[in-house]
Amino acid sequence: MGNQVEKLTHLNYKEVPTADPTGMDRDEGPRIGVSYIFSNDDDELEQQQDSVHELGGEHPALQPYDPQLHEVECSVYYRDECIYQKSGGGHLSTYTPENLLNRCKPGDLVEFVCQAQYPHWVVYVGDFQVVHLHRLEVVNSFLTDASQGRRGRIANRLYRYKPLSPAVVVRNALEQVGCKDRDLSWRNSECFAAWCRYGKREFKIGGELRIGKQPYRLQIRLGDKRSHTLEFQSLEDLIMEKRRNDQIGRAAVIQELSSHLQAAEEEEEEEDDHPRPPEGVREKPTSFNEMGLMCLVPS
């Protein structure tokens, strides 16, 4: 289907497998997760910026940006282990590119953020330079150029994996400079930067088999005591969803989830109103085959 599909739009939350928001992982048998097959999201970021310049508009980075207001707080779990967490407070503080130069050390990961754009991740390699995945190519740039005017933060503590040594992180990044197009093993700048720092194959395209029950959970915070959890079969797919949430912003994510939860509640009410079969008549249970299609279990 490769050449016939240029881009697939994102499935709405109604179609995304969910888990119990309380964190209880109930065994409901195998389910089909969400797989992203569309183009690199950093390309979409560049297209948005180019369109703004063509229209003579204001650079997106000059628009007011409040991390507490726009960013989605979330946690990522692999089974019962928390492997990523973005929460409020100091974790969301951002700095100008010039200020970041005084804070960065070789091997650090930097996340550049701006309203209505995908976050852009880079690896700081020293001498004011970074290596990053940019327009389907791994390139070496000055940090100030890679920022494109956006504010950023050092992102070393977002993922909870054990990092490689700074020298190895820098070497991983520099060895990939010039890699592009079909030779790339990463779908976006975040996956590339995280792979350089942690060396895990889960950040690469196709690094995990998508079979069986989804082991990854993305828990999105909706408020002080409310959250919603989505399930995925690979870390790569989960990162794509997490980045999409960052791009559309906190308000849009909450609105989508509210619509989904309301629809789910209405379905539950309909099920409650559904009359039970007469006594002595047993309904056949349902299961899901390998293709995710519902089938009747023979009695």
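Things to note:
- Checked against (1) in contact with a Cys (Cβ under 9 Å, 6 or more places away or on another chain); (2) part of a helix (DSSP H, G or I), Arg182 passes all but condition (1).
- Qualifying residues in the range 139-179 (those that are small (Gly, Ala, Ser) and in a loop (DSSP other than H, G, I, E, B)) - the one surrounded by the most Cβ atoms within 10 Å (Cβ to Cβ): Ala155
- The range 200-222 residues that are more than 19 Å from Asn188 (Cα to Cα) and open to solvent by less than 20 Å² (accessible area, probe 1.4 Å), paired with ones that are in a loop (DSSP other than H, G, I, E, B) and small (Gly, Ala, Ser) (beta carbon under 6 Å, 6 or more apart): Gln214/Gly33
- Glu268 surrounded by fewer than 13 Cβ atoms within 10 Å (Cβ to Cβ), part of a helix (DSSP H, G or I), acidic (Asp, Glu) and at pLDDT below 90: yes
- Some residue of the range 76-92 being surrounded by 13 or more Cβ atoms within 10 Å (Cβ to Cβ) and on the phi > 0 side of the Ramachandran plot: no
The values are calculated or read from the model by the stated rules, or taken from the named source; none is laboratory data. Computed from a predicted model, the values in this text were never measured in an experiment. FYI the Cβ positions are ideal-geometry reconstructions off the backbone, even for glycines, and counts take in every protein chain you see. Note: accessible area is taken over every heavy atom of the protein model, side chains too, but ligands, DNA and RNA are not part of it. Shrake-Rupley method; radii C 1.70, N 1.55, O 1.52, S 1.80 Å.
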